[in-house]
1. Of all the Cα-Cα pairs you can form in the stretch 119-190, what percent are over 15 Å apart?
2. How long is the gain from residue 208 to residue 55 if the chain were fully straight, where each residue apart is worth 0.36 nm and the alpha carbon distance is subtracted?
3. What list do you get for 216, 314, 203, 117 if you sort them by fewest beta carbons within 10 Å?
4. Can you pull the semi-axes for the stretch 57-208, root of five times each eigenvalue of the Cα gyration tensor, sorted largest first, whole Å?
5. By counting other Cβ atoms within 10 Å of each Cβ, how are 85, 290 ranked from fewest to most?
6. Using only the Cα atoms, work out Rg/Rh for the stretch 165-224, with Rh taken as the Kirkwood radius, to two decimals.
7. Tell me, what does the Kirkwood hydrodynamic radius of the stretch 180-318 come to in angstroms if you use every pair of distinct C-alpha atoms?
8. Using the scaling law 2.2 N^0.38 Å as the reference, what is the normalised Cα Rg of the stretch 80-159?
């Protein structure tokens, strides 16, 4: 894929889907690095919520045109499928386990309770085509990155948003908060080059972060520990995540993780959770030790979906 961006790629899929309308995960086998063939069907869908979906950690996966698959984590059992009646893209979760999903066709973001089967809240993102989101663990503010290059911030994840825009930024795909309440987002400039921007805590304007590295603008970012994890590239058989140390308006690469992959992530959103990186690969999902990388320690397959583009873990277990 060229550096046309996660958003531009998925918006192209939206157009194709509009033109062509109409037209479990399994127990892990350590010897094969995949999952066996039982337990393939979901134990719940749009009806009663499985007890396992209420009491344990969950992995949410968004497949545009298909809905959201909810898996137990780390087991990887498919528990239910949420029909969003839209085109779900980026996902994020808050400290209570609630999950937000960006819905660009509906120009909104929707919130699901942990293990819930229908939205408990919907926030309008008018004309901004939301692609990715993040929740500040300190304030509870919800940030949404848009295909039009803006960031919307909803105070305490409710009401109307405050919009922020930086001249020269054409598209923003993903965003993340650090542990101090600073917000970062990545995407592309008007000329198609990688852009990393920051909304410092308490600031009323965005600023550009300069990085001395070659990074594609189509991949996800996530704060982890003291650094910003940025997927820098994806090629034949591997995906690369750079660890970026932020110092004022500059960032430097302090480490690199290479994931050996079989499928094509298609610019999918990775998520980091308790020493693991989870990355969709076409219609399956790999799990790797982080920051070691290398071969996946688990692969969740047999989900029968279009390529997954969004991923987040909803955690309620300490």
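Every number in this text was worked out from the coordinates using simple rules, so none of it is lab data. Not measured: the values here are computed from a predicted model. Note that each Cβ is placed from the backbone with ideal geometry, even for glycine, and that neighbours are counted across all protein chains shown.
1. Values: 1251 of 2556 pairs.
Within the stretch 119-190, distances greater than 15 Å cover 49 percent of Cα pairs.
2. Details: separation 153, 0.36 × 153 = 55.08 nm, distance 4.12 nm.
Separation in residues times 0.36 nm, less the Cα-Cα distance, equals 51.0 nm.
3. Numbers: 216 22, 314 25, 203 12, 117 19.
Least crowded to most crowded, the residues run 203, 117, 216, 314.
4. Details: eigenvalues 132, 55, 39 Å².
Calculated on Cα positions only, the semi-axes equal 26, 17, 14 Å.
5. On the way: 85 11, 290 20.
Going from sparsest to densest Cβ surroundings: 85, 290.
6. Values: Rg = 11.0 Å, Rh = 11.7 Å.
Ratio of gyration radius to Kirkwood radius: 0.94.
7. Values: mean 1/r = 0.0636 Å⁻¹.
15.7 Å is the Kirkwood radius here.
8. Details: Rg = 11.5 Å, N = 80, 2.2 N^0.38 = 11.6 Å.
The value comes to 0.99.
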